[in-house]
Amino acid sequence: MKLHSFLSSLKGKNIAIIVHSGADIDAISSAAALYFSLNKKFNPKIIVPGHASTAARILAKNLQIPFQTAVSPQNLEEFNGIIIVDLNSSDMLGVLSRNVLDFKKPILLIDHHKKSNQFLIKSSLALIKENAISSAEIVLEELKESKLNLAPKIYSLLACGIIADSSDFASGSKECFSAIAECLRHSTLSFSQIKELFDIREEISEKIALIKSAQRAKIFGVGELVIVTTEIGAFEAGSATFLVKAGADIVFAGNSEKGEMRISARASSFALSSAGIDLAKDILSKLAEKLKGSSGGHSAAAAFNGKEGNINQALEECVALTFEFLKKKNPKAEIKEYS
Ligand SMILES: [Mn+2]
């Protein structure tokens, strides 16, 4: 009942719901589910530091989710409390990290990432379930326990978060499947209609970007694993997911422009089970150390953000770190490039 006790501790109605920079579907759908269930009694506002992902923007357009982006530090004093969703490390708050760290009123944190060493708050109000597949599942439990009246739209939203963070149920748990069953029971939409709410292939530019990511792929083999890197102007997360669906086991898709370098990494369930790799911990956190950037995510899906630089070198570094990891498991492993 953390949400319930947080709400009763507030001394006013203004609540900021803050997600991570580069907000993904799980982040925006969890934030929106909170927004639409609180907006009758409270005055919530969704804030995305930096930018939201393409898929998140499509979902927000389709379900009229009001959110504002913060491109520079922002005074948060007008709020009586903050709910942070889908992150627990201060660097994932981007431009707002200092503002949140300085915030003295109640903060509730709902997340399913591994507890980072830059953990945001000391408060007992942190609600972290590292075994949950998505933040949406945790939000669903909290909303139900708070006895709020949940409209069908809220169930559709939470279903989006579960579908996206489980990579279409490539990973899942019994809690995750029972949560999606519950969402589908109460939503007015079918499973495929829900998936269409955040389908990035609805625009031609995105379809072409995904196909180009395959055209530009560099392909490496280590034992049974296929590692792919690609440089793409945008949609790096969508491209990485697409290339895993196309057959790659480990993908690094990146770009570097406008002062920023971004790399999205995805792994197949075969890579997770056969190599035991954790992309966030074993690869991108090490890249972040080398390139002085930041990283976050999970074993199968992770992201790196850094300063603009040579993207090809950074992608080569990702492959080298992956090979180094695989070689520790099997000293006889060799790497081969397929051209
Ligand atoms: Mn998530």
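Every read-out reported here was derived from the displayed coordinates using simple, explicitly stated rules and does not represent laboratory data. Just so we're clear, the structure is a prediction, and the values are computed from it rather than from any experiment. For neighbour counting, all protein chains shown are included, and Cβ atoms are generated from backbone atoms with ideal geometry for every residue, glycine included.
General remarks:
- Taking a ≥ b ≥ c as the square roots of the eigenvalues of the Cα gyration tensor, the range 199-339 is oblate, since a/c reaches 1.5 or more and a/b is not larger than b/c.
- Packing, as the average of other Cβ atoms within 10 Å across residues, places the peptides 89-97, 19-27, 31-39 in the order 19-27, 31-39, 89-97, highest first.
- Dimensions in Å of the range 2-196 - Rg and Dmax from alpha carbons: 15.3, 43
- Sequence-separation-based contact order of the range 2-196, relative, with Cα cut under 8 Å and 6+ spacing, percent: 23
- Full extension of the chain segment joining D199 with K307 gains 35.9 nm, where the gain is 0.36 nm per residue of separation less the Cα-Cα distance.
- Sites K290 and V95 - FRET efficiency at Förster radius 30 Å, r taken between beta-carbons, to 0.05: 0.80
- Helix 174-186 and the longest principal axis of the C-alpha atoms of the chain enclose an angle of approximately 50°.
- Taking all Cα pairs closer than 8 Å and separated by 6 or more residues, the relative contact order of the chain comes to 13 percent.
- Using the alpha carbons alone, the radius of gyration of the chain stands to its Kirkwood radius in an Rg to Rh ratio of 0.97.
- 222 nm mean residue ellipticity, helices alone, for the chain (DSSP H n ≥ 4; -39,500 (n - 2.57); rounded to 500): -12000 deg cm²/dmol
- Aspartates and glutamates with Cα under 18 Å of K207, excluding same-chain neighbours fewer than 8 positions away: E196, D199, E231, E236
- Ascending count of other beta-carbon atoms within 10 Å, so fewest first, for T322, T54: T54, T322
- Neighbourhood charge, 12 Å Cβ-Cβ cut-off, centred on N43 and excluding it, Lys, Arg +1 and Asp, Glu -1: +3
- Highest-first arrangement of 228-236, 76-84, 204-212, where packing means the average Cβ count within 10 Å: 228-236, 76-84, 204-212
- Straight-distance candidates among the lysines for linking to K174, with alpha-carbon spacing under 29 Å and chain neighbours fewer than 8 residues away dropped: K2, K114, K115, K129, K144, K147, K153, K195, K245, K281.
- Cα centroid of the range 261-329 to Cα centroid of the range 1-25, whole Å: 31
- The range 209-338, relative contact order [Cα under 8 Å, separation at least 6], %: 24
- Extension gain, S171 back to Q64 (0.36 nm per residue minus Cα-Cα distance, nm): 35.6 nm
- Sequence-distant aspartates and glutamates (8 or more away, or on other chains) whose Cα lies within less than 18 Å of K329: E224, D249, D278, D282
- Amide H contacts under 5 Å for L127: L109, I110, D111, restricted to partners 5 or more places along the chain or on a different chain, H placed in the peptide plane at 1.01 Å from N.
- Extension gain, E334 to S9: 0.36 nm times the residue separation minus the Cα-Cα distance gives 111.2 nm.
- Couplings for the range 129-143, taken from phi via the Karplus curve 6.51 cos²θ - 1.76 cosθ + 1.60 with θ = phi - 60°, read 10, 5, 8, 6, 6, 9, 5, 4, 4, 5, 4, 4, 4, 5, 5 Hz in order; Gly and Pro are left as x.
- Charges were assigned to the Cβ only: +1 to each Lys and Arg, -1 to each Asp and Glu. The resulting dipole of the range 233-276 about its Cα centre is roughly 80 debye.
- Normalised by 2.2 N^0.38 Å, where N is the number of residues, the C-alpha radius of gyration of the range 119-227 stands at 1.37.
- Separation in nanometres of the label points that stand 7 Å from Cα toward Cβ, at D102 and K144: 4.1
- To the nearest ten degrees, helix 311-329 and the longest principal axis of the Cα atoms of the chain are 80 degrees apart.
- Simple spin-label estimate for H186 and E130 in nanometres, 7 Å along Cα-Cβ: 2.9
- Degrees between helix 25-38 axis and first principal axis of the chain (Cα, 0 to 90, nearest 10): 0
- Proximal charge balance of S339 [Cβ under 15 Å; K/R count +1, D/E count -1]: +1
- The charge dipole of the range 2-196, taken about its Cα centre with unit charges on the Cβ of Lys, Arg, Asp and Glu (plus for the first two, minus for the last two), comes to roughly 620 debye.
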